[in-house]
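Structure incoming, see below.
The values are calculated or read from the model by the stated rules, or taken from the named source; none is laboratory data. These figures come from a predicted structure and were not determined experimentally. Quick reminder, even Gly has a Cβ in these numbers, built from the backbone with ideal geometry, and neighbours come from all protein chains shown.
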Amino acid sequence: MLESTHGPAADRQVRFQSLQHALAEEANPIARQMARTMAGFAPGLFVGPDDPDLPRDNLDLERWFRQPKGHERRIHGRCHAGVRIVLEGPTLVPALDAHLRHPAPFDTDDLLIYASATLPETQRDAIRRRRLMRQARSPKVRPLLLRSLEHRYHDSS
């Protein structure tokens with residue numbers, strides 16, 4: 001009844017709200033609890049356009065996020081995918097999924113368009129923050145890091 005195959009999001013949202021109100025008015029405490037749970041999910045449930053290319057629900061979204069983790073596990077053979085997906089995600093995920101959009105082997109002309117590509121600023125910032133935090137955790141490097149941060153602070157003012 002509420003799946004994306006049963007009409008546009010606006011119609012499904014009306015059905016969702018009517019079902020939620022009906023459950024809230026029930027005498028059964030389980031039905032009222034379900035109405036409260038539905039109220040918690042409501043703000044993010046019908047957000048965004050009815051785009052068939054976007055994940056339809058949380059399960060679809062989890063399946064999408066599992067793919068890059070599976071790639072990472074197969075690359076290094078460990079159970080945990082690591083922080084590489086978080087740090088390099090904006091460029092790593094499209095690279096790992098390139099075979100889905102380009103079934104034939106890549107040749108020079110296909111790759112030449114990426115020769116001048118640069119990292120997104122958000123990805124560079126994430127890598128800088130990780131480098132800084134790794135230095136801050138090291139007992140040997142921490143004093144040098146603090147000294148350099150103090151110098152940068154004094155030079156900026």
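Could you check how many residues of the range 93-115 are in a helix (DSSP H, G or I), surrounded by 11 or more Cβ atoms within 10 Å (Cβ to Cβ) and of a type in the set (D, E, K, R)?
Adding up the residues that qualify gives 1.
Within the range 116-135, restricting attention to residues that are among the aliphatic types (A, V, I, L, M) and either part of a loop (DSSP other than H, G, I, E, B) or in the same structural domain as R66 (by TED's automatic domain parsing) (or both), which residue is surrounded by the fewest Cβ atoms within 10 Å (Cβ to Cβ)?
Of all residues in the range 116-135, those among the aliphatic types (A, V, I, L, M) come to 117, 119, 126-127, 132-133.
If we keep only those that are either part of a loop (DSSP other than H, G, I, E, B) or in the same structural domain as R66 (by TED's automatic domain parsing) (or both) as well, we get 117, 119.
Working: A117: 8, L119: 13.
Going through the qualifying residues, I end up with A117.
Turning to a different aspect of this structure: Could you pull out the residue among R56, R36 that is modelled with pLDDT of 80 or more, basic (K, R), surrounded by 10 or more Cβ atoms within 10 Å (Cβ to Cβ) and over 30 Å from R124 (Cβ atoms)? Don't jump to the end; show me each part of the working.
Details: R56 fails: modelled with pLDDT of 80 or more.
R36 is the lone residue from the list that is modelled with pLDDT of 80 or more, basic (K, R), surrounded by 10 or more Cβ atoms within 10 Å (Cβ to Cβ) and over 30 Å from R124 (Cβ atoms).
Quick one: how many residues across the range 108-157 are acidic (D, E) and over 25 Å from R84 (Cα atoms)? So that I can check it myself, show each step before the final result.
Of the residues in the range 108-157, the ones acidic (D, E) are 109-110, 121, 125, 150, 155.
Still in the list and also over 25 Å from R84 (Cα atoms): 109-110, 150, 155.
Selection size over the range 108-157: 4.
Anything in the range 3-27 that is surrounded by 14 or more Cβ atoms within 10 Å (Cβ to Cβ) and at pLDDT below 80? List them, or say none.
S4, G7, A9 - these are the residues of the range 3-27 that are surrounded by 14 or more Cβ atoms within 10 Å (Cβ to Cβ) and at pLDDT below 80.
Continuing with this model, one more query. G77 - would you say it is under 23 Å from the mean Cα position of the chain (by Cα) and either within 30 Å of D53 (Cα to Cα) or among the β-branched types (V, I, T) (or both)?
Criteria not met by G77.
Quick check on the range 73-92. Is at least one of its residues farther than 30 Å from R131 by Cβ, outside any helix (DSSP H, G or I) and without any contact (Cβ under 8 Å) to a residue 24 or more places away in the chain? Quick ask: steps written out before the conclusion?
Within the range 73-92, the first condition is being farther than 30 Å from R131 by Cβ, and the residues that meet it are none.
No, that holds for no residue.
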